[in-house]
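S.K.: One structure, pasted below without further comment.
The values are calculated or read from the model by the stated rules, or taken from the named source; none is laboratory data. The shown structure was predicted, so the numbers you read here are calculated from the model rather than taken from an experiment. Neighbour counts are summed over all protein chains in view; Cβ atoms, including those assigned to glycine, are modelled from backbone coordinates with ideal geometry. Just so you know, the surface numbers come from the protein's heavy atoms only, side chains and all, with ligands and any DNA or RNA stripped out. Shrake-Rupley method; radii C 1.70, N 1.55, O 1.52, S 1.80 Å.
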Amino acid sequence: MSAPAVERPDPPKTAPTPKPPTGRDENGSPPGGAARLLGNPRFTAVAAALLVAVLSALVLGEGTWPKAWTFDVEAPLRDVDSWLVDKRDSHWVFVYFLLHISNNATAAVDAIESLLLSLGWIGVTGVGTLAAWAAGGADLGRRSLKTAGTALGAFAVCGVLDMWEPTMETLALMTVCVFAAAVLGVFLGLAAGLSDRCERMLRPVFDTMQVMPAFAYLIPFLLIFGIGVPSAAVATVIYAAPPMARLTSLGLRGADPAAMEASASLGASPWQRLRTARLPLARKEMMLGLNQAIMMCLSMVVLASLIGSGGLGNEIYQALASLAMGDALVAGIAVVLLAVLLDRTTAAAGERIDEDAAPGSGWADRLRGGPLWAALAVLTAVLATVGARLWEREWPQAWTVDIADPLQTATEWFTAHAGSGVPLIGGTLTWSDAFTNVVLNPLRDGLLATPWWAVLLLAAALGWAVASWRAALSGVLALGLIGVMGLWNRSLDTLSQVLAGLAITLLFGFLLGVLTARVGRVERMLRPVLDTMQTMPQFVYLIPVLALFGLGRTAGIAAAVVYALPAVVRITAQGVAKVDPAALEAARSLGATGRQQLFGVQLPLARRALLVATNQGVVLVLSMVVIGGMVGGGALGIDVVTGLAKSNLALGMSAGIAIVCLGVLLDRVTQPVERARGRR
C-alpha cells in the first residue's frame, strides 16, 4: 500500500533579479548604431541643442543680438587711432622703441633692394642659381641640377613676363622678413624646447596665432606703424615665426635620449650639450620650420600689398580691383614661380640632412659647406660692385613678352561661352548663382533666424561634446564678444560661408584622402598637385576663381575649398594608411569586403585623423573666406578690406576682432576629443 500523495504548494512569486548592464538588448544582440549614439550623453546634448535651435528658429524667426547689450567699439578705437597718429613722433614708446623698429625695417629692405639692383638681372639670376645649386648639394647630381634649373627658369620667366621689378621688391622684403622670422623663431623655439615653463606659456599663444586669419595680423600693425613697409614687415615676421619656433622646440625635445645621455656622461655642460648634441640632432626639424616660415612669409608679403608693401602683391591687388584678369594672372604666375623656387631650394637643403654619405675628395666636395657659401658671398660682393657697369640693372625690355592681353581675351571668351547657357550643364556663372540661391542664402537666413541664445547653446554643446567644457566656455565667450561688439549678423554671414565651404572641403577631402591611401596610382598623381597647391600664397587662389565664377560669395568659397583641400586630403590619407595592419588583416581573415574594411575598420580607427583634418579644414576655410571679401564675399571680410584700404582702422579692427573670435570658436569646437582627454 502506497502512501497518499500530498500536493506541494506553489513557490511564492518573487520580483525578477535585475541584470547588470551588458550593452546588449534582450535578444543578446549588440545595440545598433542609433542606440549607441542615443546612449552617448554628448551626442544627446548636441542633438537636443540642435533641435532647440531649429524649433526656435522656426517659431521665432528672429535671432538678432539685443541692441541694448551691444557696445560701440569703433568710438574708442577711433580715439586710439587718433592718439597714435598724434603721438607717433613724440611719445617715448615710439621715439625710443617703435620708430627704431620701423626705421631699421625700412633701411634693411632698402639695402637689399639696392643690392639686388646693383647685381643687375644677370647677377641676381647667376647668384640665385648658384645658391640653389649649393643648397641641392653642389655637385652634378640630379637634385643639384634640378634645383639650379628650377631657380634659373623661375628668374627667367619672371623677367620674360615683365615682372622683374616687382619680383625684386617682393624678394627684398622676403629676405628681411625670413631672416627676422627665423631668428625670432629659433629664439622662441630654444625657450620652449629647453624650458617646460616657457613651453606651457608659449603653447596657447602659438595655438591662438595659428588659428588667426592672415588679415587679422595686418590691422594692429597698421595702427601702430601706418601704411608702408614697416607694417608689412613686422606683421609678416610675427605671422611666420610660430612654425619655426614650434618645429625647433619639437626637434630639441625629440633629441635621441641615448645621445644626450652619452653627452652628459662625458661631462659636457648644458651649453655644450645644446651646441654639440641637441641642435645638430634638431637640424631636420629646424630646416622644415625654415621652409614653413619662408612659405608663410611669401603668403603674407603678397597679402600685405593692401597696406603698401608693393611688389607682386600690389600688381595682383591692382589688377583684381580693376578686374584685369590678364594682368592678375601674369603676376600670379610670377608669385607661384617664386614660391616653387623657394620651396624646392629649402626642400633640397633639408633632404641633404638625411644623407649620411661620406664626403668625397673632389674639388666640389672640398668646397661644399662653409667655403662654398663664403665664395658665393664674395662673388655677390664683386658682382654688386661691377655688375651695374657690365650689364643692365633691369631685365631687358626687348626680351619681355606680353601675355596679359591674350590671357584677358581668353578669360573673356571663357566667361562668354562657358559662364552660362551651356547645354545640360549650364556653366560656371550658372553654378555660382545656383549655389548662392540654393545653399548660401538659406543657410545664412537660417542662422540669422536662430535666436542668439540658441546659437550660444549649440556652440556650448558642440564644444563640450567634441572637446571639453573649457572649449565650450571659450566658444560661448567668443560668440558673446561678437554680439557685444554689434557684429552678430555680419559674423553669422561669414559663418554661413565657412560652413558651406567646410562641407564641400570635407566631402572632397575625405574622398580623395581615402582614395590616396588605398590606391597607389591616385597617390602618385595627386602628390605633385598637392605639393604645388601648398606652396601657393592665399592671394593667388582668388585669380582663377574670380575668372570662373565672377564676383560674389561663391568665388571666395571656391578659393577657400581649393586652399584647404590639400591639408585635408593629406591628413586623411595618413590617418587611413596608418591604421593598425593587424586589425585590417583580422578583418580580411573574417572575409570582410573592401567596403566593410573601409567603413568597419579603417575609418573608425582613423577617427582622430579625421577630426584633425576637420579642425585644419575649418581654420583654413575661415582664413580664405575672409580674404574672399575682396572678390564679393562681403560680411566681415569686406569690412577688413575697406578698413585697410581707406585707413578706417575702427571698422577694420572691430571686424578683425570678430574674425579672431570666429577662429577661436571654430577651432575650439573642432578640437579632437583625444587632445581634450589628454589635458584632463
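S.K.: Show me, for the range 251-261, the HN-Hα J-couplings you get by feeding each phi into the Karplus relation (A = 6.51, B = -1.76, C = 1.60, θ = phi - 60°), rounded to Hz, glycine and proline as x.
M.R.: Working through the residues one at a time gives x, 5, 6, x, 4, 4, x, 5, 5, 5, 5 Hz.
S.K.: With θ set to phi - 60° and the Karplus curve 6.51 cos²θ - 1.76 cosθ + 1.60, what are the ³J(HN,Hα) couplings of the range 72-77 in order, to the nearest whole Hz, using x for Gly and Pro?
M.R.: After applying 6.51 cos²θ - 1.76 cosθ + 1.60, I find 6, 8, 6, 4, x, 5 Hz.
S.K.: Can you give the calculated 222 nm mean residue ellipticity of the chain, where each DSSP H run of n ≥ 4 adds -39,500 (n - 2.57) and the sum is split over every residue, rounded to the nearest 500 deg cm²/dmol?
M.R.: -24500 deg cm²/dmol
S.K.: Hey, how many Å between the Cα centroid of the range 431-452 and the Cα centroid of the range 527-606?
M.R.: When both Cα centres are located, 26 Å separates them.
S.K.: Checking the a/c ratio against 1.5 first, then a/b against b/c, what shape does the Cα gyration tensor give for the range 113-157?
M.R.: Verdict is prolate for the range 113-157.
S.K.: Still on this structure: Along the Cα→Cβ direction, 7 angstrom out, place labels at GLU261 and VAL95. What is the inter-label distance in nm?
M.R.: 6.0
S.K.: For the range 253-356, what is the accessible area per residue in Å², given a 1.4 Å probe and the full set of protein chains?
M.R.: Result: 43 Å² per residue.
S.K.: Determine the shape class of the range 492-599: with a ≥ b ≥ c the square roots of the Cα gyration tensor eigenvalues, call it rounded for a/c under 1.5, and otherwise prolate if a/b is greater than b/c, oblate otherwise.
M.R.: prolate
S.K.: Then there's this: Accessible area of ARG524, 1.4 Å probe, to the nearest 10 Å²?
M.R.: Here the accessible area works out near 150 Å².
S.K.: Now for a separate question. On the principal axes of its Cα set, how long, how wide and how thick is the range 35-177? Give whole Å, largest value first.
M.R.: Extents along the principal axes, in whole Å: 71, 58, 29.
S.K.: Something else: Over the chain, what is the relative contact order in percent, taking alpha-carbon pairs closer than 8 angstrom and at least six residues apart?
M.R.: Dividing the mean separation by the residue count of the chain yields 20 percent.
S.K.: Accessible surface of LYS146 in the full protein assembly, 1.4 angstrom probe, to the nearest 10 Å²?
M.R.: Answer for LYS146: close to 130 Å² accessible.
S.K.: Quick one: accessible area per residue over the range 537-643, 1.4 Å probe, rounded to a whole number of Å²?
M.R.: Heavy-atom SASA per residue in the range 537-643 reads 35 Å².
S.K.: Gain in length, THR642 to ILE122, computed as 0.36 nm per residue apart minus the alpha-carbon separation, to one decimal in nm?
M.R.: 183.2 nm is the gain from fully extending THR642 to ILE122.
S.K.: Further, regarding this structure: Could you work out what % of the accessible surface of the range 588-680 is carbon and sulfur, using a 1.4 angstrom probe and leaving DNA, RNA and ligands out of the count?
M.R.: Ligands and nucleic acids excluded, carbon and sulfur give 57 percent.
S.K.: Separate question: Give the angle, between 0 and 90 degrees and rounded to the nearest 10, that separates the Cα long axis of helix 164-194 from the longest principal axis of the Cα atoms of the chain.
M.R.: Between helix and principal axis, roughly 50 degrees.
S.K.: Quick one: if the Förster radius is 30 Å, what FRET efficiency do ALA48 and ASP580 give, using the C-beta to C-beta distance and rounding to 0.05?
M.R.: After rounding to 0.05, the efficiency reads 0.30.
S.K.: For the pair VAL59 and LEU551, what calculated FRET efficiency results from E = 1/(1 + (r/R0)^6), where r is the Cβ-Cβ distance and R0 = 41 Å, to the nearest 0.05?
M.R.: With a Förster radius of 41 Å, E is 0.70.
S.K.: Tell me, what % of the accessible area of the range 230-346 is carbon and sulfur with a 1.4 angstrom probe?
M.R.: For the range 230-346, the apolar C and S fraction of the accessible surface comes to 61 percent.
S.K.: Right, next: Compute the accessible area per residue over the range 117-210, keeping the other protein chains in place, probe 1.4 Å, unit Å².
M.R.: 42
S.K.: Turning to a different aspect of this structure: For the range 575-680, I need the span (max minus min coordinate) of the C-alpha atoms along each principal axis, in Å, sorted largest to smallest.
M.R.: Each principal axis gives a Cα extent; for the range 575-680 these are 67, 36, 15 Å.
S.K.: ALA375 to ALA398: extension gain in nm, 0.36 nm per residue of separation minus the Cα-Cα distance?
M.R.: 5.0 nm
S.K.: Another question, if that's okay. Share of the range 490-534's accessible area from carbon and sulfur, percent, 1.4 Å?
M.R.: C and S atoms contribute 68 percent here.
S.K.: Same structure again: Could you work out how much longer the chain between MET525 and TRP469 gets when fully extended? Use 0.36 nm per residue separation minus the Cα distance between them, nm to one decimal.
M.R.: 15.9 nm
S.K.: Oh, and also: Extent of the chain along each principal axis, from alpha carbon coordinates, in Å, largest to smallest?
M.R.: Largest first, the chain extends 140, 67, 64 Å along its Cα principal axes.
S.K.: Each residue of the range 506-514 in turn: what ³J(HN,Hα) in whole Hz from Karplus with 6.51, -1.76, 1.60 and θ = phi - 60°, glycine and Pro shown as x?
M.R.: Result, ordered by residue: 5, 4, 6, x, 5, 4, 5, x, 5 Hz.
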